[in-house]
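Engineer: Pasting a structure here, questions to come.
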Amino acid sequence: MIKLIGALLIVLSGTLIGFQQAARYALRPKQLRALAHALQRLETEIGYGHTPLPTAILRTAEASPEPIASMLRNAAEGLTGSEELSFRESWEAAIQGGWKETAMRSNEQGVLLRLGSTLGISDKEDQMKHLRLALLQLKTEEDGARDDQGKYEKMWKSLGLLSGILIVILMM
């Protein structure tokens, strides 16, 4: 009886690990889409609302889901806080600090870090141009993430279950 319970726990844990990995593949395209919406909103705030950058980032954070909202809030707080960081320093610290909370990869992080090095140092039109470029790059990454999701999500679910069964078989 104890062996059966142990075997079930091993199969269950393997299955849960597989489902957890599969969930990361499903979460990445959603977060990329939310990030693209946040950048579009930021573009609108800067270009059409003529909103100052810290205020535009805060408004964008209010309309964004977590963990993107916390990264944007941290970037804006770095600009308005007592430390008085440059925009680039504040943006990089916020992105790097909150990145481990996301399911996104280093490619997307690179896009955001490059964007942060150009925002805040040029005129409105140039900032909008850089935001559009970042949006195009994120769209490409989102398409790749959807492809990865289709390829690997089901594989990880099956692999988790089958590895749990394999461990049980090897132990018997």
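The values are calculated or read from the model by the stated rules, or taken from the named source; none is laboratory data. Since the model is a prediction, treat every value here as computed from it, not as a measurement. A quick note on method: Cβ atoms are made from the backbone with ideal geometry, for glycine too, and the neighbour counts reach across all protein chains shown.
Engineer: Applying the selection to the stretch 13-28, what residues are farther than 18 Å from MET71 by Cα and crowded, with 20+ Cβ neighbours inside 10 Å?
Structural biologist: Those that are farther than 18 Å from MET71 by Cα and crowded, with 20+ Cβ neighbours inside 10 Å: GLY14, GLY18, ALA22, TYR25.
Engineer: Going by what's in this entry, would GLN127 be described as within 30 Å of ILE46 (Cβ to Cβ), surrounded by 14 or more Cβ atoms within 10 Å (Cβ to Cβ) and at pLDDT below 90?
Structural biologist: When the stated conditions are applied, GLN127 passes them.
Engineer: When you check MET128 against the structure, is it in contact with a helix residue (DSSP H, G or I) (Cβ under 8 Å, 6 or more places away or on another chain) and under 30 Å from THR15 (Cβ atoms), yes or no?
Structural biologist: Answer is no for this residue.
Engineer: Could you please tell me which pairs satisfy a Cβ distance under 7 Å, a separation of 6+ or placement on different chains, a first residue in the stretch 130-143 that is of a type outside the set (Val, Ile, Thr), and a second residue that is buried (at least 19 other Cβ atoms within 10 Å of the Cβ) and outside any helix (DSSP H, G or I)?
Structural biologist: Sorted first by the residue in the stretch 130-143, then by its partner, the pairs are HIS130/LEU119.
Engineer: Name, by its number, the condition in (1) within 18 Å of the chain's Cα centre (by Cα); (2) over 15 Å from ALA38 (Cα atoms); (3) surrounded by fewer than 13 Cβ atoms within 10 Å (Cβ to Cβ); (4) among the aliphatic types (A, V, I, L, M) that does not hold for LEU136.
Structural biologist: In the conditions (1) within 18 Å of the chain's Cα centre (by Cα); (2) over 15 Å from ALA38 (Cα atoms); (3) surrounded by fewer than 13 Cβ atoms within 10 Å (Cβ to Cβ); (4) among the aliphatic types (A, V, I, L, M), LEU136 misses (2) alone.
Engineer: Restricting to the stretch 93-111, what's the tally of residues that are in contact (Cβ under 8 Å) with a residue 60 or more places away in the chain and within 25 Å of HIS50 (Cβ to Cβ)?
Structural biologist: So the answer is 0.
Engineer: Of the residues GLY49, GLY78, GLY98, which is assigned to a loop (DSSP other than H, G, I, E, B), modelled with pLDDT under 90 and out of contact with any Cys (no Cβ under 7 Å at 6 or more places or on another chain)?
Structural biologist: Step by step, each of GLY49, GLY78, GLY98 is checked, and only GLY49 is assigned to a loop (DSSP other than H, G, I, E, B), modelled with pLDDT under 90 and out of contact with any Cys (no Cβ under 7 Å at 6 or more places or on another chain).
Engineer: Looking at the stretch 9-32, I want the residues that are among the small types (Gly, Ala, Ser) and have a partner that is surrounded by 15 or more Cβ atoms within 10 Å (Cβ to Cβ) and not in a helix (DSSP H, G or I) with Cβ atoms under 9 Å, at least 6 apart or on another chain. Which pairs are those?
Structural biologist: Short answer, once both residue conditions are applied: ALA23/ALA103; ALA26/ALA103.
Engineer: Exactly one condition in (1) outside any loop (DSSP other than H, G, I, E, B); (2) touching a residue at least 24 places away in the same chain (Cβ under 8 Å) is false for SER90; which is it?
Structural biologist: Just one mismatch for SER90, condition (2).
Engineer: Would you check if SER122 is touching a Phe, Trp or Tyr at 6+ places or on another chain (Cβ under 9 Å) and either assigned to a loop (DSSP other than H, G, I, E, B) or more than 14 Å from LEU42 (Cβ to Cβ) (or both)?
Structural biologist: So SER122 fails the test.
Engineer: Identify the residue in the stretch 139-169 that is among the hydrophobic types (A, V, I, L, M, F, W, C) and under 15 Å from LEU27 (Cβ atoms) and, among all such residues, is nearest to the chain's Cα centre (by Cα).
Structural biologist: In this case the residue turns out to be ALA145.
Engineer: Only one residue in LEU35, LEU27 is of a type outside the set (Asp, Glu), under 24 Å from LEU161 (Cβ atoms) and at pLDDT 90 or above. Which one?
Structural biologist: Every option except LEU27 fails the conditions.
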